[in-house]
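Q: Just dropping this structure here.
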Amino acid sequence: MKFLLLLQTVLAVALPNVTYAYIPEPVGFYAFDGVDYTCLFILPKTYFVAVEDEGNDYTAVTYLDMSGYVKRGDVEKVDYEPVTKYATSGKVALKSGIASIYLYADENCTNVLTPVSSTDSLFLYGKAATAGVYYCRLKGANGTLRGYIGSEGVTVTLPEENDVQAVAPEEPPPDNDDIIVPPKEDDAYGTLSLPVEIILVVSLAVPAFLLVFILTRSKDKPKKDGK
């Protein structure tokens, strides 16, 4: 048990301690190309980002499967791990009768990346800064792509607000080192080795065999005087 406690301590030190930040209001999630910051989409309020590094103007964060930035001061660091960190309940689906739409590289919906059919899987990250446009992830025949779709031809379901709860801390296992477990009755005298068992069987079997032999000879011996 002490070994388990030691292992937990070592893992706690070795594994990185993730810090989360709360999104109190819808804020931008930015990409950085080395020169400029570009807002990809709007993060939904009441959810969280994982803080990677804090800069002067922007904070490096991760959200779902994306790395990016938020403006410093737009989110609030918390000292707990939230149960629900990211919004995953939003949905985008093609309307009935619509065969396909387009995924665009820009939120102005001018640079086509690929067509999107009803059999393709679309995941909603959030609204774009431009009204009526949404940032999505597409998993289709051409692999995984991220881009923008317009609201025409699709039904969009935005995620509900998060019910913010903290992950309950794990209780340490009880220390049972001082508990003495009595041995089982079968194990009280230990376990005999195979040679010892053979000797014991033979030592018990030989006298029994001799006794049977003597009794048998006594019955077969002829009686004197014809009696």
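Q: What percentage of all Cα-Cα pairs in the range 35-94 are separated by more than 17 Å?
A: 42
Q: Just the number: Rg to Rh for the range 44-167, Cα atoms, Kirkwood Rh, two decimals.
A: For the range 44-167, the value is 1.01.
Q: Per-residue HN-Hα couplings for the range 104-111, Karplus 6.51 cos²θ - 1.76 cosθ + 1.60 at θ = phi - 60°, whole Hz, x for Gly and Pro?
A: 10, 7, 10, 6, 7, 6, 10, 9
Q: Mind checking the range 67-102 for trypsin sites (Lys or Arg not before Pro) that DSSP puts in a loop (not H, G, I, E or B) and that have at most 16 other Cβ atoms within 10 Å?
A: On the way: sites: LYS71, ARG72, LYS77, LYS85, LYS91, LYS95; in loops: ARG72, LYS85, LYS95.
Those that pass, being in a loop and sparsely packed, are ARG72, LYS95.
Q: Rounded to the nearest 0.05, what FRET efficiency do LEU113 and GLU170 give with R0 = 41 Å and r taken as the Cβ-Cβ distance? Could you check? Display every interim value, and only then the final one.
A: Values: r = 44 Å, r/R0 = 1.08.
Once the sixth-power term is evaluated, E becomes 0.40.
Q: Under 5 Å between amide H atoms, partner at least 5 residues away or on a different chain: which partners does THR46 have, H built in plane at 1.01 Å?
A: ILE23, GLU25
Q: Next question, about the same structure. Taking R0 as 30 Å, what FRET efficiency do you get between GLU160 and VAL35 from their Cβ-Cβ distance, rounded to the nearest 0.05?
A: 0.20
Q: Taking R0 as 25 Å, what's the FRET efficiency between ARG72 and THR130 from their Cβ-Cβ distance, rounded to 0.05?
A: So the FRET efficiency works out to roughly 0.55.
Q: Provide the per-residue ³J(HN,Hα) series for the range 96-103, in order, calculated from phi with Karplus coefficients 6.51, -1.76, 1.60 and θ = phi - 60°, each as a whole number of Hz, with x at glycine and proline positions.
A: Per-residue couplings from phi come out as 4, x, 8, 6, 6, 10, 10, 9 Hz.
Q: When Lys and Arg each count +1 and Asp and Glu each count -1, what net charge do the other residues less than 13 Å away from ILE42, Cβ to Cβ, add up to?
A: Working: positive: LYS45, LYS71, LYS127; negative: GLU25, ASP74, GLU107.
Overall, the nearby charge balance is 0.
Q: Calculate what fraction, in whole %, of the accessible area of the range 25-82 sits on carbon and sulfur atoms when a 1.4 Å probe is rolled over the protein chains.
A: Accessible surface attributable to carbon and sulfur in the range 25-82 totals 41 percent.
Q: Just to be sure I understand the model, the point goes 7 Å from the Cα along the line to the Cβ. What's the resulting ASP79 to ALA93 distance in nm?
A: Taking the two extended label points, one gets 4.4 nm.
Q: Still on this structure, please answer the following. Net charge near VAL133: determine it from the other residues with C-beta under 12 Å of the C-beta of VAL133, scoring Lys and Arg +1 and Asp and Glu -1.
A: Working: positive: LYS127; negative: ASP106, GLU107, GLU152.
Result for the local shell: -2.
The values are calculated or read from the model by the stated rules, or taken from the named source; none is laboratory data. None of the values given here were measured: they were computed from a predicted structure. Glycine gets a Cβ as well: all are built from the backbone with ideal geometry, and neighbour counts include every protein chain shown. Accessible surface is based on the protein model in full, side chains and every heavy atom, while ligands, DNA and RNA are left aside. Shrake-Rupley method; radii C 1.70, N 1.55, O 1.52, S 1.80 Å.
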